[in-house]
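The values are calculated or read from the model by the stated rules, or taken from the named source; none is laboratory data. The structure presented is a predicted model; accordingly, all values stated were derived computationally and were not measured. Positions of Cβ are generated from backbone atoms using ideal geometry, with glycine treated the same way; all protein chains shown enter the neighbour counts.
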Amino acid sequence: MQYKISDKFVSLKPSAIREIFKSLGTPGSISFAAGNPNPDSFPVKEMKKIADDIFENEPVTALQYGITEGYTPLRKLVSERLKRVYDIGTPDDDLIIVTGGQQGIELTCKVMCNEGDTVLCENPSFIGALNSFRSLGAKLVGVPLGPEGIDLEALEDALRANPNTKFLYTIPTFQNPAGITTTLETRKAVLKLAEKYDILILEDNPYGDLRFTGQDVPTYKSMDAEGRVIYCGSFSKVLSAGMRIGFLCADKNLISKIVVAKQVEDVHTNVLFQMICAKYIEQYDLEEHISGIRELYRHKAGLMLSALDRYMPKEIGYTRPEGGIFLWCSLPESLSLDEFVRRAGEKNVFVVPGTAFSADPEEESHSFRLNYSMPSDDEIDRGIKILADIAAEMLAGR
Ligand SMILES: Cc1ncc(COP(=O)(O)O)c(C=O)c1O
């Protein structure tokens, strides 16, 4: 059968990361490719107890259709936490529970963009969001990401060149893939540009709770006085990724449109897991749970950075994240990324090449992403040593 795939999907490639997952079965392989939270961060016993209680006492609520906006107690708890922790939420705002941050990103684009409208993003950026924007027919324009955040001059150039820009998609805190946190100065300047060119900002913050060093930086949403920022959050990295619970907080008028778009997609997010999530927050100490995850990632990031400091030739650069689960390594331009990734794969060490995160998939990259939340302590040390040896051999053979 010859299938005639739609124009929107025919050129869309599968996520390079999910493809790498398929080659990970080999015993002894070391993966720095995942974006998964460490399974130790799942409160399994507590969730089992909550689920048992729900089936005992409230089975109908869990098994019946729910409302699109989300399970009311969860919406209330998330709104309260957003206000308390991030100073997010004004009387004009509303909050909807979505099926993972991924759906929040997709629904925002669906509601805001006509085909051909421009979405600006940091380059590199999160592949799941980029593929959403592509699949909806938006024109994706990448703006280089530097150590302080998005390059402001390049951002203004892109805004001038693309008057039909609807929004900037940004991951300002512990960025995926680069591990960079946008400074307060850059955030303020980006907000000014958003006002000047009258665009929205989609602030994606799934890693914001996972700071293990340094000072918190205010979110865009907390500095937004005009309803210009749509804030997307998720429980994937702090409770469970498989339960698929995320949320969007934005101006009421926008959320009401997003509600309609969600009705068309999946009616509502899984009620049982919304209930489990709400009851976990009510009955246990989420902040203490999160601080345990921060400790774990502080330890893992520290191990990876000290292995990089010890083994990597000085020609290889890398970011030093203050939180989150990724760091970003860059080879000198004289070295081929393809060859490096292939040689690492032959030694059963897997990384994601930078090309996977590029707004323009044809663009050359010399960088790759390393994840430290999943590998064991021993794998981090051994895997980085293998990568460093490959880099040293390639440098010697230039
Ligand atoms: C930057 C970013 N945004 C959003 C998501 C989506 O997360 P989820 O749909 O699991 O909430 C991810 C997942 O890895 C991510 O890295």
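The table that follows gives values for the structure above.
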quantity	calculated
Any hit, region 33-46, residues being at pLDDT 95 or above, hydrophobic (A, V, I, L, M, F, W, C) and more than 15 Å from the ligand (Cβ to nearest atom)	yes
Residue that is part of a loop (DSSP other than H, G, I, E, B) and buried (at least 17 other Cβ atoms within 10 Å of the Cβ), where the choices are VAL190, VAL217	VAL217
Subset of region 111-162 [closer than 19 Å to SER11 by Cβ, touching a residue at least 40 places away in the same chain (Cβ under 8 Å) and part of a helix (DSSP H, G or I)]	ILE127, GLY128, ALA129, LEU130, ASN131, ARG134, SER135
Search result, residues across region 249-279 that are in contact with a Leu (Cβ under 7 Å, 6 or more places away or on another chain) and either within 11 Å of the ligand (Cβ to nearest atom) or under 30 Å from PHE212 (Cα atoms) (or both)	CYS249, GLN274, CYS277, ALA278
Matching residues in region 125-140 - criterion: being crowded, with 22+ Cβ neighbours inside 10 Å and more than 14 Å from the ligand (Cβ to nearest atom)	ALA138
Test for TYR297: is it in the same structural domain as ALA34 (by TED's automatic domain parsing), within 16 Å of ARG211 (Cα to Cα) and among the hydroxyl-bearing types (Ser, Thr, Tyr)	yes
Any hit, region 252-261, residues being basic (Lys, Arg) and surrounded by 23 or more Cβ atoms within 10 Å (Cβ to Cβ)	no
Only listed residue being within 16 Å of the ligand (Cβ to nearest atom) and free of Cβ contacts under 8 Å to residues at least 40 places away in the same chain, chosen from GLY246, GLY242	GLY242
Count - residues of region 193-214 that are among the charged types (D, E, K, R), in a loop (DSSP other than H, G, I, E, B) and more than 18 Å from the chain's Cα centre (by Cα)	1
Neighbours by Cβ (under 6 Å, 6+ apart or cross-chain): first from region 249-278, in the same structural domain as GLY89 (by TED's automatic domain parsing); second assigned to a helix (DSSP H, G or I) and among the acidic types (Asp, Glu)	none
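For (1) touching a helix residue (DSSP H, G or I) at 6+ places or on another chain (Cβ under 9 Å); (2) among the aliphatic types (A, V, I, L, M); (3) surrounded by 17 or more Cβ atoms within 10 Å (Cβ to Cβ), each residue gets a yes or a no:
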{"residue": "ASN162", "(1), (2), (3)": "no, no, yes"}
{"residue": "ASN176", "(1), (2), (3)": "yes, no, yes"}
{"residue": "ILE201", "(1), (2), (3)": "yes, yes, yes"}
{"residue": "ASP224", "(1), (2), (3)": "yes, no, yes"}
{"residue": "GLY246", "(1), (2), (3)": "yes, no, yes"}
{"residue": "GLU265", "(1), (2), (3)": "yes, no, no"}
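Quick grid of which residues meet (1) assigned by TED's automatic domain parsing to the domain that holds ILE127; (2) surrounded by 17 or more Cβ atoms within 10 Å (Cβ to Cβ); (3) part of a loop (DSSP other than H, G, I, E, B):
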{"position": "GLY35", "(1), (2), (3)": "no, yes, yes"}
{"position": "ILE50", "(1), (2), (3)": "yes, yes, no"}
{"position": "ASP53", "(1), (2), (3)": "yes, no, no"}
{"position": "VAL60", "(1), (2), (3)": "yes, no, no"}
{"position": "THR68", "(1), (2), (3)": "yes, yes, yes"}
{"position": "LEU74", "(1), (2), (3)": "yes, yes, no"}
{"position": "LEU77", "(1), (2), (3)": "yes, yes, no"}
{"position": "LEU82", "(1), (2), (3)": "yes, yes, no"}
{"position": "ASP94", "(1), (2), (3)": "yes, yes, no"}
